[in-house]
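Before any comments, here is the structure.
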Amino acid sequence: MEQKLFKFAIDRGGTFTDVFAKCPSGKVRVLKLLSEDPQHYKDAPTEGIRRILQEELGRAVDEEGHVDNSMIEWIRMGTTVATNALLERKGEKIAFVVNKGFRDILLIGNQARPKIFDLNIRRPEILYSDVVEVDCRVIPKQEGKCELGDITKDWTVVEGQTGEKFYVIKDLDVEEVRQSLIAVRNKGIDSISVALAHSYTYFDHELKVGQIAKEIGFKHVSLSHQVIAMVRIVPRGFTSCADAYLTPHVKRYVEGFCSGFKDNLKGTRVLFMQSDGGLTPMEHFNGARAILSGPAGGVVGYAVTTWKKETDLPVIGFDMGGTSTDVSRFAGSYEHVYESTTAGVTIQAPQLDVNTVAAGGGSMLFFRSGMFVVGPESAGAHPGPVCYKKGGPLTVTDANLVLGRLLPEFFPKIFGPNEDSPLDKDETSKAFAALTQRINAFLIDENPDKKESMTIEEVAMGFIRVANEAMCRPIRALTQGKGYDTARHALACFGGAGGQHACAIARSLGMTTVFVHKYAGILSAYGMALADVVEEAQESCSRTYTPENFEYFDNRLETLKQRCFKELQDQGFSESNIVLEPYLHMRYDGTDCALMCGPWNPDGATTNPKHGDFLQTFIRRYKAEFGFVIAHKDVIVDDIRVRGVGKSDIELEQPLDVQKGDPNPITVTKVYFESGYEDTNVYQLKDLLQGKH
């Protein structure tokens, strides 16, 4: 009989690390600990696993102090390591390799002005430390359009992967590239990004540069056509730079995580969550696909646990953590974007459509020039809010505490310098009293005739209102911005701070249903346990969506499907547990907005590719998003993509019994609302059953 082992799913957030563990007996353990606590442990996920093994088995480490993984079947993890490195610009020192004359192409960027009325616009820092210009160039042949004349007779004609013809104006000088890269290597740079013009389809020059770099001794080389083979050199260059900048950092974290275990976790299956909501083996985990590693678990968690459970309404995920709030939408399928901007870097990679706002439980509170300001700065896990007793600033958590929405007696005594104290409401009240005094002094200076002054509770409620409005904005962008009625959604509330704000958010947006799962406090970690393994294959295309090209689309889709199928089969998935999803990246000719479209009718028809009618999907999505279609324009297929899903077949937790009658409160407390203090029942989550409350 096969021995049953422990299974761990972990979400390492910016403030807290959440652990969901399935014990061999079937028992479920959940744990929440600070992501950073240097006085007590080096790595929070490792510590979480150690504590549970110790409590369940009575032993957790070997003679050398490494966690014994012989009783662990698998570990699934999402982490904000890549996101934080990008935000804080703490990635690897890299060089950017590009065609001669294009050294400033990423500095110039796409000229987007996200804050057009900002009086002090600051350009985000570039990721690379040095630029290498290689003197090679290819240009499209454009038969029937190109009028270069006799100048082309000495140029070599080559064909790209998409079938497009190109002129090689100047070939690569191998020795010159070698000397340039040696000079960069001598500056202490170990990672490079290579993005050459038109390499999405003709990538021979990139491959040669990559080979030379590896011969010289660069530890990491990101070739843009391998990272993401999509048109447009600017986002492709940004993406390859992000990969070169983040992947070594991510790999070091993974190696450090493994080093805390016996034999570096040999024999234990370790999977990391990617930005697209799929898991991947840790050896395949890279920087460009890790930006939304943490939030993606939450999307999977609420999608699996709330969709079609109580209502047929589409669901808005509201994940409020300590550092930020992530919102997303689920209506039966995961919504992905294929180009997004994070910390000023435009990245072309499949990501779940998650909007993030810097308003979490740890967001700091400021009073500036008569305005209440929440964030974007966060107190983090260390020092944390004032109530953590580590000398931190006032935060949203402190505001909820002073309003009576957090009850210290129900929190573990893990705060203070020795981690043995409860939340400190007295210190929070003193800090708010000082802030309130400053606010009232400002109001009197502005209006000497003003008789009434603000109370501590009114000040705290003011900050809560500001935070709530900041969190409503991305929800409106996900719904109203895409043609959906915000009110016709249910709100799935999770994350450590979500429950304190969910009802106010729903009321503000006109929603009438709020879901709270029994694992709402650690739903991102639970989502990791429920997620599937994903392998993707993509190639550029640049063909018109017309019947003469349907056979080409079908052949390329079949080739990519076979590649994904083999990858998943090699990871141990049987044919019955593998699902292959075909997509075409489509846009109107002459426009710049491409949409990734699956088939409308997967069974196909004589007038469509055998994989189905992709055009119908494109037209419907375009009409929904922009309100019109362009009937006389050809539709171009920029890219062909297959998403292979290896079904994990993880059993959901047994649903709770249905609530009969009203639950019994354990106590009654005073909580401050808009109308003042109200007697409020207090319930423990474990005492609540399934149903409406």
Looking at region 454-474, is at least one residue in contact with a Ser or Thr (Cβ under 8 Å, 6 or more places away or on another chain) and at pLDDT below 85? no
Among the residues of region 433-442, is any farther than 20 Å from Val396 by Cα, in a helix (DSSP H, G or I), modelled with pLDDT of 85 or more and among the hydrophobic types (A, V, I, L, M, F, W, C)? yes
Residue by residue through region 323-349, note down the ones that are more than 22 Å from Met511 (Cα to Cα), surrounded by fewer than 24 Cβ atoms within 10 Å (Cβ to Cβ) and not β-branched (Val, Ile, Thr). His336, Tyr338, Glu339, Ser340, Ala343, Gly344
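In region 413-432, how many are in a loop (DSSP other than H, G, I, E, B) and touching a Cys at 6+ places or on another chain (Cβ under 7 Å)?
In the first step, residues of region 413-432 are kept if they are in a loop (DSSP other than H, G, I, E, B); the result is 413-414, 416-420, 422-424.
Subsequent filtering for residues that are touching a Cys at 6+ places or on another chain (Cβ under 7 Å) retains 423-424.
Residues that pass the stated criteria total 2.
Suppose we filter Ile52, Ile116, Ile108 for residues that are aliphatic (A, V, I, L, M) and in contact with a strand residue (DSSP E or B) (Cβ under 6 Å, 6 or more places away or on another chain); which single one remains? Give the derivation first.
Working: Ile116 fails: in contact with a strand residue (DSSP E or B) (Cβ under 6 Å, 6 or more places away or on another chain); Ile108 fails: in contact with a strand residue (DSSP E or B) (Cβ under 6 Å, 6 or more places away or on another chain).
Residue meeting the stated conditions: Ile52.
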Positions within region 250-272 being surrounded by 21 or more Cβ atoms within 10 Å (Cβ to Cβ), within 23 Å of Thr341 (Cα to Cα) and out of contact with any strand residue (DSSP E or B) (no Cβ under 6 Å at 6 or more places or on another chain), in sequence order: Val250
Tell me which of these Pro376 doesn't satisfy, since it passes every other one: (1) within 16 Å of Asp426 (Cα to Cα); (2) free of Cβ contacts under 8 Å to residues at least 24 places away in the same chain; (3) within 25 Å of the chain's Cα centre (by Cα). (1)
Anything in region 84-133 that is of a type in the set (Gly, Ala, Ser) and out of contact with any helix residue (DSSP H, G or I) (no Cβ under 8 Å at 6 or more places or on another chain)? List them, or say none. Gly101, Ala112, Ser129
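Starting from residues that are closer than 15 Å to Val396 by Cα and of a type outside the set (Lys, Arg), keep the ones in region 420-432 and report whichever is surrounded by the most Cβ atoms within 10 Å (Cβ to Cβ). It would help to see each step written out before you state the result.
Let us first name the residues in region 420-432 that are closer than 15 Å to Val396 by Cα, namely 423-425, 427-429, 431-432.
Next, only the ones that are of a type outside the set (Lys, Arg) stay: 423-424, 427-429, 431-432.
Values: Leu423: 25, Asp424: 19, Glu427: 18, Thr428: 27, Ser429: 17, Ala431: 20, Phe432: 24.
The qualifying residue surrounded by the most Cβ atoms within 10 Å (Cβ to Cβ) is Thr428.
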Could you tell me which numbered condition Cys241 fails, if it satisfies all but one of (1) closer than 21 Å to Arg289 by Cα; (2) in a helix (DSSP H, G or I); (3) out of contact with any Phe, Trp or Tyr (no Cβ under 7 Å at 6 or more places or on another chain)? (3)
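Is one or more of the residues making up region 629-649 out of contact with any strand residue (DSSP E or B) (no Cβ under 9 Å at 6 or more places or on another chain), at pLDDT below 85 and part of a loop (DSSP other than H, G, I, E, B)? Walk me through how you get there before you give the answer.
Here is the first cut: in region 629-649, the residues out of contact with any strand residue (DSSP E or B) (no Cβ under 9 Å at 6 or more places or on another chain) are 631-632, 649.
So of that shortlist, the ones also at pLDDT below 85 come out as 649.
Then keep just the ones that are part of a loop (DSSP other than H, G, I, E, B); that gives 649.
Yes, some residue in region 629-649 is out of contact with any strand residue (DSSP E or B) (no Cβ under 9 Å at 6 or more places or on another chain), at pLDDT below 85 and part of a loop (DSSP other than H, G, I, E, B).
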Would a scan of region 507-517 turn up a residue that is in a helix (DSSP H, G or I), outside the structural domain of Val579 (by TED's automatic domain parsing), more than 21 Å from Thr397 (Cβ to Cβ) and at pLDDT 85 or above? yes
Could you tell me whether Tyr526 is at negative phi and either surrounded by fewer than 24 Cβ atoms within 10 Å (Cβ to Cβ) or touching a Leu at 6+ places or on another chain (Cβ under 7 Å) (or both)? no
Only one of (1) assigned by TED's automatic domain parsing to the domain that holds Ala60; (2) modelled with pLDDT under 90 does not apply to Gly298, and that is (1)
Here is a check on your reading of the model: is Ile116 of a type outside the set (Gly, Ala, Ser) and not assigned by TED's automatic domain parsing to the domain that holds Arg236? no
Quick check: is even one residue across region 161-175 under 28 Å from Gly344 (Cα atoms), outside the structural domain of Ala594 (by TED's automatic domain parsing) and assigned to a helix (DSSP H, G or I)? no
Candidate set from region 579-614 (those that are touching a His at 6+ places or on another chain (Cβ under 6 Å) and part of a strand (DSSP E or B)); member that is modelled with the highest pLDDT: Pro582
I'm trying to understand the selection: among the residues of region 475-499, which are at pLDDT below 85 and farther than 24 Å from Val396 by Cβ? Gly481, Lys482, Gly483
Given (1) modelled with pLDDT of 90 or more; (2) more than 27 Å from the chain's Cα centre (by Cα); (3) over 22 Å from Thr341 (Cβ atoms), His40 misses just (1)
Among the residues of region 290-322, which ones are surrounded by fewer than 24 Cβ atoms within 10 Å (Cβ to Cβ), of a type outside the set (S, T, N, Q) and not in a helix (DSSP H, G or I)? Trp307, Lys308, Lys309, Glu310, Asp312, Leu313, Pro314
Taking the stated definitions as given, is Ile49 modelled with pLDDT of 90 or more and not in a helix (DSSP H, G or I)? no
Could you list, in sequence order, the residues of region 206-235 that are assigned to a helix (DSSP H, G or I), touching a residue at least 60 places away in the same chain (Cβ under 8 Å) and surrounded by fewer than 24 Cβ atoms within 10 Å (Cβ to Cβ)? Ile233, Val234
Determine which member of the set Ser275, Ser193 is assigned by TED's automatic domain parsing to the domain that holds Gly78 and surrounded by 23 or more Cβ atoms within 10 Å (Cβ to Cβ). Ser275
Report every pair of residues separated by at least 6 positions or lying on different chains whose Cβ atoms are under 7 Å apart, first residue within region 80-98 and on the phi < 0 side of the Ramachandran plot, second modelled with pLDDT under 85 and not hydrophobic (A, V, I, L, M, F, W, C). Thr80/Gly13; Thr80/Gly14; Thr80/Gly294; Asn84/Gly14; Leu86/Thr342
Cβ pairs under 9 Å, 6+ apart or interchain, first in region 477-506 and farther than 30 Å from Leu31 by Cα and crowded, with 23+ Cβ neighbours inside 10 Å, second charged (D, E, K, R) and at pLDDT 85 or above, ordered by first then second residue, are His489/Arg329
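Output the number of residues of region 181-205 satisfying the condition of being under 22 Å from Ile233 (Cα atoms), in a helix (DSSP H, G or I) and out of contact with any helix residue (DSSP H, G or I) (no Cβ under 6 Å at 6 or more places or on another chain). Explain how you work it out, then say what you get.
From region 181-205, those under 22 Å from Ile233 (Cα atoms) are 181, 191-205; that's our starting set.
Restricting the remaining residues to those that are in a helix (DSSP H, G or I) gives 181, 204-205.
Still in the list and also out of contact with any helix residue (DSSP H, G or I) (no Cβ under 6 Å at 6 or more places or on another chain): 204-205.
Total meeting the criteria: 2.
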Sort out which residues of region 20-43 are crowded, with 22+ Cβ neighbours inside 10 Å and under 21 Å from Asp62 (Cβ atoms), and write them in order of number. Ala21
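The values are calculated or read from the model by the stated rules, or taken from the named source; none is laboratory data. Worth saying up front: this structure is predicted, and the values here are computed from it rather than measured. Here Cβ is always computed from backbone atoms with ideal geometry, including for glycine, and neighbour counts include all displayed protein chains.
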